[in-house]
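Asker: Structure below; questions to follow.
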Protein chains: 2
Amino acid sequence: MSRVYNFSAGPSTLPESVLLQAQQELLEWRGSGMSVMEMSHRGKHFAIIAEELESDLRSLLAIPDNYKVLFLQGGASAQFSLIPQNLLNGKTKACYIKTGAWSEKAVSDAQNYCEVVLTASSEAEHYSHVPEPATWLIDSDAAYLHYTSNETIHGVEFPDIPDSKGLPLVSDMSSNILSRPVDISQFGLIYAGTQKNMGPSGVTIVIVRDDLIGHAPKTTPSVFNYAEQAKNQSMLNTPATYNWYLVGLVLKWLQAQGGVAAIEQRNIAKAAKLYQAIDQSALYHNPVAIPYRSRMNVPFILADDGLDKAFISAAEAQGLYELKGHRSVGGMRASIYNAMPDAGVEALIAFMAEFERSH
Amino acid sequence: MSRVYNFSAGPSTLPESVLLQAQQELLEWRGSGMSVMEMSHRGKHFAIIAEELESDLRSLLAIPDNYKVLFLQGGASAQFSLIPQNLLNGKTKACYIKTGAWSEKAVSDAQNYCEVVLTASSEAEHYSHVPEPATWLIDSDAAYLHYTSNETIHGVEFPDIPDSKGLPLVSDMSSNILSRPVDISQFGLIYAGTQKNMGPSGVTIVIVRDDLIGHAPKTTPSVFNYAEQAKNQSMLNTPATYNWYLVGLVLKWLQAQGGVAAIEQRNIAKAAKLYQAIDQSALYHNPVAIPYRSRMNVPFILADDGLDKAFISAAEAQGLYELKGHRSVGGMRASIYNAMPDAGVEALIAFMAEFERSH
């Protein structure tokens, strides 16, 4: 079999040119005599990889100098617990907005550390939209306001940066980081697992404003204390070195695509095409209110769920993989991150039309 | 440049056949149409990789059925905090043996969670040996006894499994796991980062006896709660999938070498040759008492430290890399893990003799 179009929600498809470069350099990196996997993280070769990684990310996202960039382990899910540990700083409350399964988990874990003020929730409407800001409850005594900028399971994305009324704004951007420009200066902290838009799994990016760190209690594991890791360039202990290298390759690929503003235009076009195909069909349906539809994860259900299995197996026969929706919502889901080529989306649309005609 | 002999303490050299297989499969794994990096961790292909990984490790180490095997993120250093969180179970003390820099760090982090009973320490003798068991102070009210089976910086290794007088025995085996057979049933918990004998960095193995888990307080991050991860086959959140795959390749390589008992014989022979060369020279000196010398990490100092720079640059000219000792102890260090071929050790010995003759 040749390579397929892989619509997995994460880990997810990577640019073929990145894989080819990793393949070419696998046994030896730039005349170093060794694989990146074998390099000491304290050595001169890996120092170049680490420096380029941070400077490329800072440049792609225009990260201001008063923000630290950390490359940690544990996934965004670990941050659900580590953010309150690092940021509460003596406060006893934090505000959370619930717009899907991932913000639900963030709330659930935060409750082990503080009182969660539920600023807004669309749970009663099956997470089909983002609640109107006029209805939000923001407690000025809270340490921060947390939201999930894109919900991979429910396919809901914030169209704009929310107004946190002065609280430090914290965002889980795991599934839409680097897909659109964001004004970092409006945030206290941004975090993201790498396995959607940045590379394989195994690295968690934390971008955090200087003044918010340094107040973690001593029961925060030292390798997850933001201030300790910032002082040590994320090398308080051995980082996931090969994963850093792979993320670095993806960032260089993104630069070659024209950067975040350019990829946003492609993402807008890819998503618009797919939603149009869904909306114009009688068989497929997307339940999310139009202004809040995700550009990254497009869930859709078939009018007759008895056709689900036939849909998935016919799609695989055409080289269209991982279209099954998350078990909690059923139906289908196409994840179309930065690395999904236009041709993949077009092949999916053509297949969906053909399947509708024949069923 | 061609590939060198890399004596790095970790990340460290990998078997060339493993790198070649990873290179060959990089764009597509076993007809799956995708790279392992791109696979959903919930998909049928990755399920095979995950199952083979656990069953190969269980078989290589003869892990009894009443032990869970977890594949986590964060490194062994994260476990310095996570072990007390998971294992204290209401107790307020834990026993620790200090035999080098790594057990020092384990003690320092554990003190944030409980009273540390210092069972034994060789700190006053510059970590040149393991203190005599007759002198150990074991508190029967402690939750466990922790030791570091091999100290990478000081080059000290426990020749036998210590007698914990009935306490659950906990061991950081990061730097000698899979280098020699161990009777797992004598342990409560074994943990190890992968970047020495098991693959690249990014995975932490935890092998833990069933009855010890399930008592973590709710302030333990859920992805680091052993019972939660055990229930979810280490996939409570997205694991470091590609790293799991690479560790799996190293385990299959080890099986092909004849397994742990066979590699131990090679490790004994490699280390004996190198220590003999050091002991017979007038220029090189290893400070560790003979019964406690590490088979994995061989530190040595030059009689004249003014020669250190010349030694390192002459070694690199011969393709012998990463021989500089840790900054905290100075001198040199040759890490000769499972994947270091005999030829690498012989080349080092020949170079050392030649350097001594010419200086």
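The values are calculated or read from the model by the stated rules, or taken from the named source; none is laboratory data. Quick caveat, the model's predicted, so the values are computed rather than measured. FYI the Cβ positions are ideal-geometry reconstructions off the backbone, even for glycines, and counts take in every protein chain you see.
Every residue, every condition in (1) over 16 Å from the mean Cα position of the chain (by Cα); (2) within 14 Å of chain A (Cβ to nearest Cβ), yes or no:
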site: B:Arg58; (1), (2): yes, no
site: B:Gly74; (1), (2): no, yes
site: B:Gly90; (1), (2): yes, no
site: B:Ala94; (1), (2): yes, no
site: B:Thr99; (1), (2): no, no
site: B:Ser121; (1), (2): yes, no
site: B:Glu125; (1), (2): yes, no
site: B:Pro133; (1), (2): yes, no
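Asker: Given (1) within 20 Å of the chain's Cα centre (by Cα); (2) buried (at least 19 other Cβ atoms within 10 Å of the Cβ), identify the lone condition not met by B:Ser328.
Answerer: Only one criterion is unmet by B:Ser328, namely (2).
Asker: For A:Ala339, all conditions in the list (1) assigned to a loop (DSSP other than H, G, I, E, B); (2) away from every other protein chain (no Cβ under 11 Å); (3) within 20 Å of the chain's Cα centre (by Cα); (4) of a type outside the set (Val, Ile, Thr) hold save one; what is the number of the exception?
Answerer: If we test A:Ala339 against (1) assigned to a loop (DSSP other than H, G, I, E, B); (2) away from every other protein chain (no Cβ under 11 Å); (3) within 20 Å of the chain's Cα centre (by Cα); (4) of a type outside the set (Val, Ile, Thr), just (2) comes out false.
Asker: Additional query: From the set of residues in region B:21-42 that are assigned to a helix (DSSP H, G or I) and at the interface with chain A (Cβ under 7 Å from one of its Cβ atoms), which is farthest from the chain's Cα centre (by Cα)? Quick ask: steps written out before the conclusion?
Answerer: To start, the set of residues in region B:21-42 that are assigned to a helix (DSSP H, G or I) comprises B:21-24, B:36-38.
Pick out the ones that are also at the interface with chain A (Cβ under 7 Å from one of its Cβ atoms) and you get B:22-23, B:37-38.
Values: B:Ala22: 22, B:Gln23: 25, B:Met37: 25, B:Glu38: 28 Å.
Top of the filtered list is B:Glu38.
Asker: Let me ask something else about it. Which numbered condition in (1) closer than 23 Å to B:Gly199 by Cβ; (2) surrounded by fewer than 22 Cβ atoms within 10 Å (Cβ to Cβ) is the only one that B:Ser313 fails?
Answerer: Only one criterion is unmet by B:Ser313, namely (1).
Asker: Pairs, please: C-beta under 6 Å, at least 6 apart or cross-chain, first residue assigned by TED's automatic domain parsing to the domain that holds A:Gly325 and in region A:289-314, second β-branched (Val, Ile, Thr) and surrounded by fewer than 23 Cβ atoms within 10 Å (Cβ to Cβ)?
Answerer: A:Phe300/A:Ile278
Asker: Take the residues in region B:292-335 that are hydrophobic (A, V, I, L, M, F, W, C) and part of a strand (DSSP E or B); name whichever of them is nearest to the other protein chains (Cβ to nearest Cβ). Write out each step before concluding.
Answerer: At the first step, the residues of region B:292-335 found to be hydrophobic (A, V, I, L, M, F, W, C) are B:296, B:298, B:300-303, B:307, B:310-312, B:314-315, B:317, B:320, B:323, B:329, B:332, B:334.
Going one step further and asking which of them are part of a strand (DSSP E or B), we end up with B:298, B:300-302, B:320, B:332, B:334.
Values: B:Val298: 16, B:Phe300: 18, B:Ile301: 20, B:Leu302: 21, B:Leu320: 10, B:Met332: 14, B:Ala334: 13 Å.
Applying the filter and picking the extreme gives B:Leu320.
Asker: Still on this structure, I have one more. Is it fair to say B:Lys270 is touching a helix residue (DSSP H, G or I) at 6+ places or on another chain (Cβ under 9 Å), within 14 Å of chain A (Cβ to nearest Cβ) and of a type in the set (D, E, K, R)?
Answerer: Numbers: touching a helix residue (DSSP H, G or I) at 6+ places or on another chain (Cβ under 9 Å): yes; within 14 Å of chain A (Cβ to nearest Cβ): no; of a type in the set (D, E, K, R): yes.
Here the answer is no, as B:Lys270 does not meet what is asked.
Asker: Under 6 Å between Cβ atoms, at least 6 apart or on separate chains: pull out the pairs that start in region A:163-191 with a residue that is in the same structural domain as A:Ser59 (by TED's automatic domain parsing) and in contact (Cβ under 8 Å) with a residue 12 or more places away in the chain and end on any residue that is among the small types (Gly, Ala, Ser) and part of a loop (DSSP other than H, G, I, E, B).
Answerer: Listed by first residue and then by second, the contacts come to A:Leu167/A:Ala142; A:Pro168/A:Gly188; A:Leu169/A:Gly188; A:Val170/A:Gly188; A:Ser171/A:Ser149; A:Met173/A:Ser149; A:Asn176/A:Ser149.
Asker: So for region A:66-76 (the condition being surrounded by fewer than 18 Cβ atoms within 10 Å (Cβ to Cβ) and free of Cβ contacts under 8 Å to residues at least 24 places away in the same chain), does at least one residue qualify? Before you say what the answer is, go through the steps one by one.
Answerer: Of region A:66-76, the ones surrounded by fewer than 18 Cβ atoms within 10 Å (Cβ to Cβ) are A:66.
Those still in the list that are free of Cβ contacts under 8 Å to residues at least 24 places away in the same chain too: none.
No, there is no match, as no residue in region A:66-76 is surrounded by fewer than 18 Cβ atoms within 10 Å (Cβ to Cβ) and free of Cβ contacts under 8 Å to residues at least 24 places away in the same chain.
Asker: Tell me whether region B:261-280 contains one or more residues that are in contact with a Gly (Cβ under 6 Å, 6 or more places away or on another chain), buried (at least 16 other Cβ atoms within 10 Å of the Cβ) and more than 30 Å from B:Gln21 (Cα to Cα). Can you show your working first?
Answerer: Let us first name the residues in region B:261-280 that are in contact with a Gly (Cβ under 6 Å, 6 or more places away or on another chain), namely none.
Checked against the condition, which is being in contact with a Gly (Cβ under 6 Å, 6 or more places away or on another chain), buried (at least 16 other Cβ atoms within 10 Å of the Cβ) and more than 30 Å from B:Gln21 (Cα to Cα), region B:261-280 yields no hits at all.
Asker: Let me ask another. Take B:Met198 and decide whether it is under 16 Å from A:Pro200 (Cβ atoms), assigned to a loop (DSSP other than H, G, I, E, B) and more than 10 Å from chain A (Cβ to nearest Cβ). Give the derivation first.
Answerer: Numbers: under 16 Å from A:Pro200 (Cβ atoms): no; assigned to a loop (DSSP other than H, G, I, E, B): yes; more than 10 Å from chain A (Cβ to nearest Cβ): yes.
Here the answer is no, as B:Met198 does not meet what is asked.
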